[in-house]
Amino acid sequence: MNTASVVISTYDNSRLKYLHNILKAWLTQASEVILCDCSCGKFRTTLPITHIQFNQDLGNKTRHAASLLTSNDFIIKADDDVMPKPGLIHDLHEGWLEVGGGVVGLLGRTFEGESYISQTTSYRANSIDSPKRVDFVGITTFTPRNYIAFDLKGCLNPIEDLFWQMKCFPGIPKWVVPTTNFELLPEAENASEALYKNTRAQKIRQNFYREYYLEHYK
């Protein structure tokens, strides 16, 4: 699909060893790839991407801001620990068409209460055989560009994805669509575990989730 741009952010040194191959894999499917590099100069590449370097870890806020600089009709916000396989963008686009628009992704959660950890049910694209309507999508998301523009003021790193979907666009339909054309690298599980053990980040995320769950979803 030649009308999709891919935007990735990176800052975790443990993932840089995979990054060249991940970018190369995306380039076989997308006409534009942008890397928001918060590794403080630790990554170099000659691949034909747009490589934006930052002096500090600004998290996925940089990825979202850079999405506004893309030139295509659809934007894929991808984590740097997801390896795309051939056909992934095709599957995301076909899934988006099937559900009639909105935002689609590889991981999703339905909101069933005030606790983000214990009162949500999660779905993954490689373990379903039909689209699942959810309240939140992540890991890798596929969206038309009109759902990207918003003011990032007040957006903290631990809640960038929730800030986007729960505060700015709570009414947009969100779906996990089936595909097996991706691989989660070991660092993906490590990152989830690290976030789970980071009590400060979890508190920020839980407080934000509860506020906007009560406002828009209960």
From the C-alpha coordinates alone, can you work out the Kirkwood hydrodynamic radius of the chain, in Å? 17.4
Sorted on mean Cβ neighbours within 10 Å (highest first), peptides 34-45, 100-111 come out as 100-111, 34-45
Determine, from the Cβ-Cβ distance of LEU47 and SER127 and an R0 of 45 Å, the FRET efficiency 1/(1 + (r/R0)^6), rounded to the nearest 0.05. 0.90
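Write down the percent of antiparallel bridges among all DSSP beta bridges whose residues are both part of the chain, to the nearest 5.
Among the beta bridges of the chain, antiparallel pairing accounts for roughly 55 percent.
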Quick check: convex hull of the Cα atoms in the range 70-135, volume per residue, rounded to a whole Å³? 130
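Order 60-67, 125-132, 151-158 from most to least packed using the mean count of other Cβ atoms within 10 Å.
60-67, 125-132, 151-158
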Here the gain from full extension of GLU211 to THR199, 0.36 nm per residue of separation minus their alpha-carbon distance, amounts to 2.5 nm
Select from the chain the helices, each a whole stretch of DSSP H, whose alpha-carbon atoms run 15 Å or more along the helix axis and whose Kyte-Doolittle mean is at least 1.6; answer none if there are none. none
With the dipole of the range 30-145 defined by +1 on each Lys or Arg Cβ and -1 on each Asp or Glu Cβ, the option from ALA30, GLY102, PRO131 whose Cα lies farthest towards the positive pole is ALA30
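Quick note: the coordinates plus some simple rules give every number you see, no bench work behind them. Model, not experiment: these values are computed from the prediction. Methodologically, a virtual Cβ is constructed for each residue, glycine included, from the backbone with ideal geometry; neighbour enumeration extends over all protein chains shown.
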